[in-house]
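Here's the structure we're looking at; comments come further down.
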Amino acid sequence: MVGGRPGGLMGCPAFLIVYRGIGVGYREQNKKGSQMAWIYVILAGNVEVFWVIGLRHSTTAGHWIGTVIMIIFSFYFIIKACANLPSGTVYAVFTGMGATGVVLIDLLFFKSEFSTVQLLFIGLIITGVVGIKLTTGSGDKASSPGRGEG
């Protein structure tokens, strides 16, 4: 182990991002870090709406460049959030926010068709995201496998 990180493949940052859910490479979570991580999740979810809309409606090189920039920012915010929150939680909230946001933008600005059933399912997504946020506490990481081991 070099510098507190395992060597070889497990020392690779990409490996740590992929395997965060099983407790490899977590940093100690503190309240400020957790709050900032949730801000990153919210930013990532909001930026996702822009790049998904960009994928659908880009017609010029400038639009495509803007879309690519939004994708980069979105993934940057996800990576920052995963430093202090479980990656499964981050991804669930991120995709829930993005899906809800894209549907609402399509409805409000692009006049897409919308049904009561879709509204029900968006409500379920929002309920799930709020439930994940409420049940993800500082104790979740401490019980992760691989923590605190030499």
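The values are calculated or read from the model by the stated rules, or taken from the named source; none is laboratory data. What you are looking at is a predicted structure, and each value in this text was computed from that prediction instead of being measured. Neighbour counts are summed over all protein chains in view; Cβ atoms, including those assigned to glycine, are modelled from backbone coordinates with ideal geometry.
Set side by side, the residues Ile65, Ile72 differ, and just one is aliphatic (A, V, I, L, M), surrounded by fewer than 15 Cβ atoms within 10 Å (Cβ to Cβ), modelled with pLDDT of 90 or more and over 19 Å from the mean Cα position of the chain (by Cα), which is Ile65. Number of residues in region 44-56 that are touching a residue at least 12 places away in the same chain (Cβ under 8 Å), surrounded by fewer than 18 Cβ atoms within 10 Å (Cβ to Cβ) and of a type outside the set (S, T, N, Q) equals 1. Of the listed requirements (1) without any contact (Cβ under 8 Å) to a residue 60 or more places away in the chain; (2) buried (at least 21 other Cβ atoms within 10 Å of the Cβ), Cys82 misses just one: (1).
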